[in-house]
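Participant: The structure that follows is given in the form of structure tokens.
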Amino acid sequence: MGEETGGKEAPSSKVENLLYALEHGLSVSDRARPAERLGQVDESSLEVVEVLIAARDTEPFYTVKTAAAEALGYPVHEAMLQQDAELMRCARRDVAP
């Protein structure tokens, strides 16, 4: 688990690194691999789900878009999505080419 910081639990450095790589990776594979791995994290968070949705919706390369969409479908994110109907609708949208 992450350490406590100001009443909020800080995400693990592994997750932070994956999020950063997904958002800032220089090549398609530098962004697709972290998207895939974010589907295999131990715990979901609002930040992880929002970054995956953003990657699916705004990433110019289909490989990254589909990796993010697939990660959103993993069971680890299901409980987080079920807490918010709007977030669930956003997460369940199809990937646009």
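Participant: Out of everything in the stretch 22-52 that is more than 10 Å from the chain's Cα centre (by Cα) and buried (at least 18 other Cβ atoms within 10 Å of the Cβ), what residue ends up being farthest from Y62 (Cα to Cα)?
Facilitator: The residue in question is R31.
Participant: Inside the stretch 63-97, can you point out the residues that are in contact with an Asp or Glu (Cβ under 9 Å, 6 or more places away or on another chain), assigned to a helix (DSSP H, G or I) and of a type in the set (K, R)?
Facilitator: Scanning the stretch 63-97 gives a single hit, K65.
Participant: Can you pull out every residue in the stretch 71-82 that is open to solvent by 60 Å² or more (accessible area, probe 1.4 Å) and among the aliphatic types (A, V, I, L, M)?
Facilitator: A79
Participant: Any idea which of A85, A68 is modelled with pLDDT of 90 or more, aliphatic (A, V, I, L, M) and either surrounded by fewer than 17 Cβ atoms within 10 Å (Cβ to Cβ) or under 21 Å from E43 (Cα atoms) (or both)? Let's see the steps before the verdict.
Facilitator: On the way: A85 fails: modelled with pLDDT of 90 or more.
None of the other options fit; the residue is A68.
Participant: Exactly one condition in (1) open to solvent by 40 Å² or more (accessible area, probe 1.4 Å); (2) at pLDDT 95 or above; (3) not hydroxyl-bearing (S, T, Y) is false for R93; which is it?
Facilitator: Among (1) open to solvent by 40 Å² or more (accessible area, probe 1.4 Å); (2) at pLDDT 95 or above; (3) not hydroxyl-bearing (S, T, Y), R93 violates only (2).
Participant: Sort out which residues of the stretch 19-62 are closer than 20 Å to Q82 by Cβ and not in a helix (DSSP H, G or I), and write them in order of number.
Facilitator: V41, D42, E43, S44, S45
The values are calculated or read from the model by the stated rules, or taken from the named source; none is laboratory data. Bear in mind the structure is a predicted one, so any value in this text is a computation, not a measurement. Reconstructed Cβ throughout: ideal geometry from the backbone, glycine too, with neighbour counts over all protein chains shown. Side chains are part of the model used for accessible areas, which takes the heavy atoms of the whole protein and leaves out ligands, DNA and RNA. Shrake-Rupley method; radii C 1.70, N 1.55, O 1.52, S 1.80 Å.
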